[in-house]
Amino acid sequence: MIGFNHGLVGGLMGKYLPWPIAIPLAIASHFVLDALPHYGIDHKTRDSKKFWKVFTISDTLLTAALAAWAIYYHHYAMFLSGLAAVMPDFVWVAHVLRNKSFDFSSYEHWFARWHAEIQRYEFPGGIWIEVPFAIILYYFVIWQTA
């Protein structure tokens, strides 16, 4: 699942749920979303295609803009829950920067392997699931809050 959608789901939880519940549920939502069908391509294509790099950078910038919006408008619960929902992917960022590859199969830690394995329903057509999902979430998180 793209980071923007993780952040939106976390933000939605921060908006509607009490603090003690929102943060752990936002973290759990990350893994639930990753287990659902969503956009993804094999690591060889990710490593070689410029589109994937642009896509990843765009997703990162959109997610950062979402975080900045929440802070600017003093929606701190939404910001923290959104951050919690995105956080499990930070390990991938470090891996990609260090190894210059999106190949996550070499992970030895059980948790990282499990996180990679639950994403078995990634497929290129999953973008048609993620974009409408993002639009609907954006409506409830941003337009219903602003």
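Bear in mind that the values in this text are calculations on the coordinates, not laboratory data. Source: prediction; values computed, not measured. Backbone-built Cβ (ideal geometry, glycine too); neighbour counts: all protein chains shown.
Below is a table of values for the structure above.
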quantity: Mean Cα-pair separation over length for the chain, i.e. relative contact order, pairs under 8 Å, 6 or more apart, %; calculated: 44
quantity: In segment 3-143, lysine pairs closer than 29 Å at Cα, eight or more apart or cross-chain; calculated: 5
quantity: Stretch gain in nm, segment Tyr72-Ile118, where the contour uses 0.36 nm per residue and the Cα spacing is subtracted; calculated: 13.1 nm
quantity: For segment 60-146, convex hull volume per residue from C-alpha positions, Å³; calculated: 118
quantity: Footprinting exposure proxy for Thr45, Thr63, Thr56 (fewest neighbouring C-beta atoms within 10 Å first); calculated: Thr45, Thr56, Thr63
quantity: For q = 0.11, 0.12 Å⁻¹, Debye-computed log10 I/I(0) when each Cα of segment 3-143 counts as one equal scatterer; calculated: -0.40, -0.48
quantity: Residues Val32, Val86, sorted so that the one with the fewest Cβ neighbours within 10 Å comes first; calculated: Val32, Val86
quantity: 10 Å-binned pair-distance histogram of segment 43-102 (Cα, whole percent); calculated: 21, 44, 25, 10, 0
quantity: Relative frequency of Cα-Cα separations exceeding 14 Å in segment 1-80, percent; calculated: 65
